[in-house]
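Report on the following structure.
Nothing in this text is a laboratory measurement; each read-out follows from the coordinates by a stated rule. No experiment lies behind these values; they were computed from the predicted model shown. Here Cβ is always computed from backbone atoms with ideal geometry, including for glycine, and neighbour counts include all displayed protein chains.
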Amino acid sequence: MREGQAKVLKKQEIDRLIILAGSQRHGLRNQCLILFSFLLGLRAKEMAALKIDDLVDSKGKVSEVFHLQSQQTKGNKGRAIYLTNKKLRKKLSDYLKTRENDLNRWLFSNQKEGHFDPNTLQQLFKRMYTKSGIEGASSHSGRRTFATNLISKGFDIKSVSVLMGHRSIQTTARYIQENPKMLGQMVAGL
């Protein structure tokens, strides 16, 4: 990990984080936030900007694909987000059921402002990591873990770059943590 980069989490750490988040107040919301970070690679700014209507069609069904508009992203570059992971879809559906009578249309709401701004969402992630005993992690850890996991599963960097919303694969490459075990297996297979 380069100096200043958020930690890439192992599966066991993510599982521990999800279990702990589920046992706390606003558990479903917080579990969804974790999954949106680790399974979709969304930034805190992007999660804070989401409204329920961005993900749910007029019949109340969760879409398999939604689009982040340019103003919702860091680089003013919109992109498609694929809600195809079954675990994420189930958790999101459970969370949305708790929001059925809620007039607040922000997807991730809090009681003070009505919805999170990016800074309060970053602080929430930091508190969840601290309670889980995970050091060196930040709200960006999910995004780095997302990219690293996709590359380690054999997906090409160009496709990962598209999912991340990067203009350049060099930017995506900076997110990916080296995997010495995988590098050794590559050489062994020659």
Treating only Lys and Arg (+1) and Asp and Glu (-1) as charged, each at its beta carbon, one finds that the stretch 1-72 has a dipole about its Cα centre, in Debye to the nearest 20, of 240 debye
Between the modelled labels at SER138 and ASN85 (7 Å from Cα along Cα→Cβ) the distance in nm is 2.1 nm
Here the gain from full extension of VAL162 to GLN24, 0.36 nm per residue of separation minus their alpha-carbon distance, amounts to 46.3 nm
Gyration tensor (Cα only) of the chain to equivalent ellipsoid, semi-axes in Å sorted down, yields 28, 19, 16
Partner aspartates and glutamates whose C-alpha sits under 16 Å from that of LYS59, ignoring same-chain residues fewer than 8 away, are GLU100
Sorted on mean Cβ neighbours within 10 Å (highest first), peptides 163-175, 50-62, 136-148 come out as 136-148, 163-175, 50-62
Length-normalised contact order of the chain, Cα under 8 Å, at least 6 apart, in percent, tallies to 29 percent
For 36-42, 77-83, ranked highest to lowest by mean beta-carbon neighbours within 10 Å, the order is 36-42, 77-83
